[in-house]
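Have a look at the structure below before the remarks.
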Amino acid sequence: MWKSISQVLADQFGAYYLIKEKECVHRGEIHEAWIISDGIQAVFVKANERSYRSMFRAEADQLEMLRKINAFRLPMVYGVGCSSNHSFLLLEALPISQQSSLTEDFGTQLARLHQVSGTKYYGLDFDTWLGSVHQPNKWHASWAKFFSEQRIGWQLQLCKDKGLDFGNIDQIVQSVAKKLAKHNPKPSLLHGNLWIENVCIVNGETATYDPACYWGDRECDLAFTELFEPFPIKFYENYDRAFPIDREGYAERKHIYQLYYLLNFSQRFLGNYVHLTQKTLDKLLER
């Protein structure tokens, strides 16, 4: 694998890349992660079995798509490749600061992303992943249909396949569709996986990574930022100043959007997420 990585980086940098330093920094839910260096240029490596190449390609394409908009800091993509037994994604190794609070302008930057016009439909040209879970993005003209079926219904079925039964899937999907039936937001390009674990401070500015992009309701991104550890209050104030949202309507829809992430976490991690998901679902069905 390392020889293949050196070859890809040599093509990227225009000179042979001899790996002199190599440190495994993460063996996580899906991939192994490494920081390598030739003594000059540090590179972040995600690696897995060869079959994961499509996942790495999708992540690279999303980062490049977001980078073209130039809304906020992202790691540069150096390449995607394979060896005989492995696939890998090569990214800029961000010099992450120990500062934990987001910079105040990140809310304004996210608003800039959400204001970009691109399509009148909801979805994306290719499927993505939310963590380890496949995320279908088939285009739809109806937001209610897209979100109820390809987000809630999809996750409910995956949960059921793993023995997590949250109730009648058709009934829940119909209920979500009904609640969103009169909501027709202008499609925004979403980061899709925007929570506190996927942001950091780099040279005094907020950077983000691990996207799960699609064109959808911008409130989905905001809802996830509030789910576990909310972003600083200045983030929301600056976002609302740059691109105001319907606070009353959002307060109702937020829990529907958060349900998608809770279902995803339930099947990935079980534990308390299952209880929180059922509690959220029960409240939604009562209304």
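Laboratory data are not the source of any read-out in this text; all were calculated from the coordinates shown. Remember, predicted model here, so these are calculated numbers, not experimental data. Cβ sites come from the backbone with ideal geometry, for glycine too, and all protein chains shown count toward neighbours.
For this structure, a couple of remarks:
- Computed log10 I(q)/I(0) for the chain at 0.08, 0.16 Å⁻¹: -0.36, -1.34, from the Debye equation with unit scatterers placed on every C-alpha and solvent omitted.
- Where trypsin sites (Lys or Arg not before Pro) fall in DSSP loop in the stretch 134-189, at most 13 other Cβ within 10 Å: Lys138, Lys162, Lys182
- Relative contact order (%) - criterion: Cα under 8 Å, at least six apart; region: the stretch 2-92: 26 percent
- Shape of the stretch 1-96, Cα gyration tensor, a/c cut at 1.5: rounded
- Model label sites at Arg50 and Lys20, defined 7 Å from Cα along the beta-carbon direction, differ in position by 3.3 nm.
- Taken about its Cα centre, the stretch 2-92 carries a charge dipole of roughly 80 debye when the Cβ of each Lys and Arg holds +1 and the Cβ of each Asp and Glu holds -1.
- Of Glu219, Glu286, Glu205, the sequence from fewest to most neighbouring Cβ atoms within 10 angstrom is Glu286, Glu205, Glu219.
- The stretch 65-170: translational diffusion in µm²/s, Stokes-Einstein, Kirkwood Rh over Cα pairs, 4 °C, 1.567 mPa s: 74 µm²/s
- Long-range HN-HN contacts of Glu32 with modeled amide H, under 5 Å: Ala47
- C-alpha center-to-center spacing [the stretch 94-170, the stretch 19-43] in angstrom: 28 Å
- Contact order for the stretch 106-286, expressed relative to its length and based on alpha carbon pairs under 8 Å spaced 6+ residues apart, stands at 26 percent.
- Gyration tensor (alpha-carbon) shape descriptor, the stretch 72-115, a/c threshold 1.5: oblate
- Chymotrypsin sites (Phe, Trp or Tyr not before Pro) within the stretch 136-187: DSSP coil, no more than 16 neighbouring Cβ in 10 Å: Trp139
- Taking 0.36 nm per residue of separation and subtracting the current Cα-Cα distance, fully stretching the chain between Asp165 and Ile40 would add 39.8 nm.
- Counting neighbouring beta carbons within 10 Å and listing from fewest to most, the residues Cys200, Cys82, Cys220 come out as Cys82, Cys200, Cys220.
- Each of Thr206, Thr280 was scored by other Cβ atoms within 10 Å of its Cβ. Listed from fewest to most, they are Thr280, Thr206.
- Cα lying deepest toward the dipole's positive end in the stretch 106-286, options Ser266, Val202, Gln155, charges on Cβ: Gln155
- Two-site label geometry, Gln174 and Gln12: point separation in nm, points 7 Å out along Cα→Cβ: 5.1 nm
- Normalising the average separation of contacting C-alpha pairs (under 8 angstrom, six or more residues apart) by the number of residues puts the relative contact order of the stretch 1-160 at 17 percent.
- Under-5 Å amide H pairs with Thr128, H placed in peptide plane, nonlocal only: Gln135, Asn137
- Debye equation applied to the C-alpha atoms of the stretch 129-260, log10 I(q)/I(0) at 0.21, 0.22 Å⁻¹: -1.43, -1.53
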